[in-house]
Amino acid sequence: MAEARMEMAPRAQACRGNARLSALALLAHVPEKWIPVFRKGHAPAQKRRSASRSIRSGCALLALGQVAAASGAAAASLSAPVSLALAGVIAPFSPLVNAHDKGIIAQLFGGNANVAYAANKKIPVTADSVVCRISNVDITQRSCELTFGADKREIKGRAANELYGTLAAAGITAEGAAGSMIEGIGKLDCMLDPSQIKQKAGGGAECTFETE
């Protein structure tokens, strides 16, 4: 991100300079400020307007790039099948999901859409952050840290590998750091609707999250 800001700096200076030029250009439309200028080879009005539009467009794109670089986080949503899978592998470790709802999720994720549930039942599965690591040096090591408010849970081995693989299926790109491949998301918010899942029409589960 620091490199991106360094690359943007010269263009930002140019845009600030162009902003001052634009202010002077606006004065040209005020009759009291007109000063006759006669110079050979001056650019036709159409070319000046085209150049002005190009400058404004470039500066607008630069501003958008600066906002994106500053925010760093991108929101994403998942399809219903992947949403059910992600909720299914996280729910067992969540202190926010009660035992009864964990049982319903386990049956839905296990392929049983005819599970019993209360009318209009909806089950939320949330997490503040999920970070998984797989070592590419010690290949026996894989772990995930799940944060639910002030409560943190760590899982290892097969369960961590399952969650890591589900994040990959959700489109999360692993990044290498200090001998590990790391996947992470934040502000996970899933909602399961057993009645819609039971209809087998491709809906009933949705998840949103943020990536860094």
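Would you mind stating whether residue 195 is in contact (Cβ under 8 Å) with a residue 40 or more places away in the chain, under 15 Å from residue 143 (Cα atoms) and among the polar types (S, T, N, Q)? No, not satisfied.
For segment 175-184, filtered to residues that are surrounded by 11 or more Cβ atoms within 10 Å (Cβ to Cβ) and in contact (Cβ under 8 Å) with a residue 40 or more places away in the chain, the residue that is farthest from residue 78 (Cα to Cα) is 179. Residues that are at pLDDT 95 or above and more than 22 Å from the chain's Cα centre (by Cα) within segment 113-133 comprise 121, 122, 123, listed in sequence order. Where strands (runs of 3 or more DSSP E) sit wholly within segment 141-194, those with at least 2 residues that are among the small types (Gly, Ala, Ser) and at pLDDT 95 or above occupy 180-192.
The values are calculated or read from the model by the stated rules, or taken from the named source; none is laboratory data. All of these numbers come straight from a predicted model, not from anything done at the bench. All Cβ positions, glycine included, derive from the backbone under ideal geometry; neighbour counts span all protein chains shown.
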